[in-house]
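Working notes for the structure below.
The values are calculated or read from the model by the stated rules, or taken from the named source; none is laboratory data. Just so you know, these numbers come straight off a predicted model, no measurement behind them. Neighbour counts are summed over all protein chains in view; Cβ atoms, including those assigned to glycine, are modelled from backbone coordinates with ideal geometry.
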Amino acid sequence: MLLDQKSPVVAAASSADVTPRSSRSCPVCCYPESEAVWHLELVVPEAFSLQSRFSVNTCTRCGAAFHDVDPQADRNGYYESYTGSDRIHYQITAEQARLNDLTVGFLERQGLASKGLAIADVGCSFGITLMSLRQRGFNNLYAIDPDRAAIRYLMQQGIAGRTGLATDPFPELENKFDLILLRHVLEHLYSPLEAVNNVAKWLKPKGKIYIELPDLALFFESGPFPGFFFEYEHINHFSLCSLLNLMRGFSLTHYESTSEIYPCLRTLFEKSDVMQPLSFNAKDAQCVRESLSLPSKKGKVVLENIARLGTREIALWGVSKFVYRLLTHTQLRNCNIRHMVDRNLQRQGERLLGVTIESPETLRSFKGDIVICGENSAVSIENSIRSLGFKNNIVRLMGDPDAK
């Protein structure tokens, strides 16, 4: 949970408030000293494997923002079993499809003319971008991901690939690709610089790297509530400036930053013989503070809706990563939560804030309010609750509570 913002321990830290030292060197420039901007204790299931208590730091040399987490061995293991099973089925959401359309549209505008380009998607998951490129006639495609289920699925779809990480040395891939895609990868990695230097070996002499990741500069205006973009998977927070510092051995050829669906920075780099100078950026620390402490227009409505819950007994319907973030960053965690329910059997039995996630059937005798936390499909979720015969008052946290 976000520690009390009025506490001097958590107030946006200045260099006088903290010792400029962290357990993690800067992931962008490798400098060993940084300053804590914010301290977080994330609300996650009790048996969760990744580190949930850490500070958000900024490098005193380049200004890059990152989570001061330990180099945990279980981070790789977490992504190796990301789907949680050996299944070979993948369902794409409307938001994922739209984000992918924006990715492919950007690449097409930058001149992917030859259908014979050798393209590798590193950290491809179930290959939504590779599938889109194949539909457009690209036929020399390669998939790399630590999730074995994802790679097995893609190989069954006729796309070559292998399991592995962006930091793994694969000599057989050197000088093989015209374009390497790193789409929502670098924000997850303990050593993004190592990853970039490694995959650069896989490029042909005039090869390019496409990088897409969350844009720190857009966090404040895009967040549905303060702190939304600070969670356990994304341990690096890039602005264009910090990404340029990371990619000093490359030349930026094109970029765009958009907030549709998700705040994304899309960039295309090509190999360069000139190492660019490192620059210091103080704005990243300011972006961290603002996005953690100040609500956007949408965020004000969410916080007001939470305040309206008062001391009434409530049950949270649907316990997802989104709910973890709400419980971490808002006063929802201090509300009178009597039940957490989810229809997903894999979530039932987990414990969150001392409450066991149960089947919705648990609420048959519950008289309090049922709270729908997410924005996506809130109307259909409410209709589903009604169809199951629940007559409780239903509260939607996201958006205008009077807009039914």
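Within region 106-146, the set of residues being in contact (Cβ under 8 Å) with a residue 60 or more places away in the chain and closer than 17 Å to residue 170 by Cβ comprises 118, 119, 120, 121, 122, 123, 146.
Counting only residues that are closer than 30 Å to residue 299 by Cα and assigned by TED's automatic domain parsing to the domain that holds residue 96, give me the helices (runs of 4 or more DSSP H) lying completely in region 115-229 with at least 1 of them. Talk me through it step by step, then tell me what you get.
Values: elements: 128-135, 148-156, 192-200, 219-222.
Fully inside region 115-229 and qualifying: 219-222.
Taking (1) at pLDDT below 85; (2) under 28 Å from residue 147 (Cβ atoms) in turn, residue 2 satisfies each apart from (2). The C-beta contact set for region 328-347 (first residue part of a loop (DSSP other than H, G, I, E, B), second residue among the charged types (D, E, K, R), distance under 7 angstrom, 6+ apart or interchain) comprises 336/312; 336/313.
Could you tell me whether residue 149 is at negative phi, among the small types (Gly, Ala, Ser) and over 20 Å from the mean Cα position of the chain (by Cα)? The answer is yes for residue 149.
Any residue at all in region 242-252 that is assigned to a strand (DSSP E or B) and without any contact (Cβ under 8 Å) to a residue 40 or more places away in the chain? Yes, region 242-252 contains at least one residue that is assigned to a strand (DSSP E or B) and without any contact (Cβ under 8 Å) to a residue 40 or more places away in the chain. Taking the listed residues 376, 281, the one that is in contact (Cβ under 8 Å) with a residue 24 or more places away in the chain, closer than 30 Å to residue 26 by Cβ and outside any helix (DSSP H, G or I) is 281, with no other qualifying. Scanning region 97-125 for residues that are crowded, with 18+ Cβ neighbours inside 10 Å and charged (D, E, K, R) yields a count of 1. Restricted to region 284-306, and to residues there that are touching a His at 6+ places or on another chain (Cβ under 9 Å) and either in a loop (DSSP other than H, G, I, E, B) or among the aliphatic types (A, V, I, L, M) (or both), the residue that is nearest to residue 246 (Cα to Cα) is 288. Look at (1) exposed (fewer than 13 other Cβ atoms within 10 Å of the Cβ); (2) closer than 30 Å to residue 371 by Cα and you find that residue 274 fails only one, number (2). Restricting region 230-241 to residues that are of a type outside the set (A, V, I, L, M) and in a loop (DSSP other than H, G, I, E, B) leaves a set whose member that is surrounded by the most Cβ atoms within 10 Å (Cβ to Cβ) is 230. Inspect all residues belonging to region 340-347 and state whether any of them is closer than 21 Å to residue 44 by Cβ, modelled with pLDDT under 95, in contact with a helix residue (DSSP H, G or I) (Cβ under 7 Å, 6 or more places away or on another chain) and surrounded by fewer than 17 Cβ atoms within 10 Å (Cβ to Cβ). Looking for residues that are closer than 21 Å to residue 44 by Cβ, modelled with pLDDT under 95, in contact with a helix residue (DSSP H, G or I) (Cβ under 7 Å, 6 or more places away or on another chain) and surrounded by fewer than 17 Cβ atoms within 10 Å (Cβ to Cβ), one finds at least one in region 340-347, hence yes. Which members of region 194-206 meet the condition of being crowded, with 22+ Cβ neighbours inside 10 Å and touching a helix residue (DSSP H, G or I) at 6+ places or on another chain (Cβ under 9 Å)? Scanning region 194-206 gives 195, 196, 199, 202.
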